[in-house]
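Taking it in order: structure first as structure tokens, then the write-up.
The values are calculated or read from the model by the stated rules, or taken from the named source; none is laboratory data. If you're wondering where the values come from, they're calculated on a predicted model, not measured in any experiment. Virtual Cβ from ideal backbone geometry, glycine too; neighbours counted across all protein chains shown. Heavy atoms of the whole protein, side chains included, go into the accessibility calculation; ligands, DNA and RNA do not. Shrake-Rupley method; radii C 1.70, N 1.55, O 1.52, S 1.80 Å.
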Amino acid sequence: VHPDDVQAHAAAVARALGGEEAVVLEKRYVTPEGAEAWSSDHVTVSRDPEGRPLNVVFISRDITERLRITAQLAASERKFRAIADTMPQMVWSTLPDGAADYYNQRWYDFTGVPVGGHDGDAWGRAVHPDDRERAFARWRHSVDSGEPYEIEYRLRHHSGEYRWGLGRALPVLTRFEGPV
């Protein structure tokens, strides 16, 4: 056990001995080579018929690689958001069916809509009522055909005023390799 995690390890054992079932603890340990690694430990106590502890059972799984990948993914997500949120453009993405699943901060700043308020097809509420049918028809055509989307329409600013803008999108077919 890593010296900084000895107390947490002892506390998990004490909780298990005290009757808590299936105590779970993530802790660091030191490999024989002296490297720091992580494990997820499930701690249980086997007891005799009178309920007295017979032994403490540890099932440990090395989670070092999972934590490394999780940290890399979080760093990549932070980098993406920093890029997308500082662009002087509204950026968004959709699912294959055309339903919106992401907007950058510029979208929320412009529209004043709370995060998540325009998910799915709800983005159309920000488009001027006189432009919606044309915008949706063009969008459906782009989603169905794979052709680029480009249209000028009025978009509701957080002030309530509608402002003309140019909406553009390129369908991107993403192919994932391996499990998602």
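Things to note:
- Check on Thr86, at pLDDT 95 or above and either over 30 Å from Ser145 (Cα atoms) or touching a Leu at 6+ places or on another chain (Cβ under 6 Å) (or both): no
- Among the residues of segment 83-112, just one is touching an Asp or Glu at 6+ places or on another chain (Cβ under 6 Å), part of a loop (DSSP other than H, G, I, E, B) and not hydrophobic (A, V, I, L, M, F, W, C), namely Asn104.
- The residue that is modelled with the highest pLDDT, counting only those in segment 113-133 that are over 14 Å from Tyr162 (Cβ atoms) and open to solvent by less than 80 Å² (accessible area, probe 1.4 Å), is Val113.
- Residue count for segment 14-32, restricted to those that are open to solvent by less than 30 Å² (accessible area, probe 1.4 Å) and in contact (Cβ under 8 Å) with a residue 24 or more places away in the chain: 2
- Output for segment 133-172, where each listed residue is more than 31 Å from the chain's Cα centre (by Cα) and of a type in the set (Ser, Thr, Tyr): Tyr153, Tyr162
- Output for segment 139-162, where each listed residue is within 19 Å of Ala99 (Cα to Cα), in contact with a helix residue (DSSP H, G or I) (Cβ under 9 Å, 6 or more places away or on another chain) and exposed (fewer than 15 other Cβ atoms within 10 Å of the Cβ): Glu147, Pro148, Glu150
- Pick from segment 55-72, criterion of a type outside the set (A, V, I, L, M, F, W, C) and in a strand (DSSP E or B), ranking: most open to solvent (accessible area, probe 1.4 Å): Arg61
- Members of segment 143-180 that are among the hydroxyl-bearing types (Ser, Thr, Tyr) and modelled with pLDDT under 95: Ser145, Tyr149, Thr174
- Some residue of segment 90-100 being charged (D, E, K, R) and more than 17 Å from Pro171 (Cβ to Cβ): no
- Screening the candidates Phe136, Phe110 for the property of being in contact with a helix residue (DSSP H, G or I) (Cβ under 8 Å, 6 or more places away or on another chain) and surrounded by 12 or more Cβ atoms within 10 Å (Cβ to Cβ) yields one hit, Phe136.
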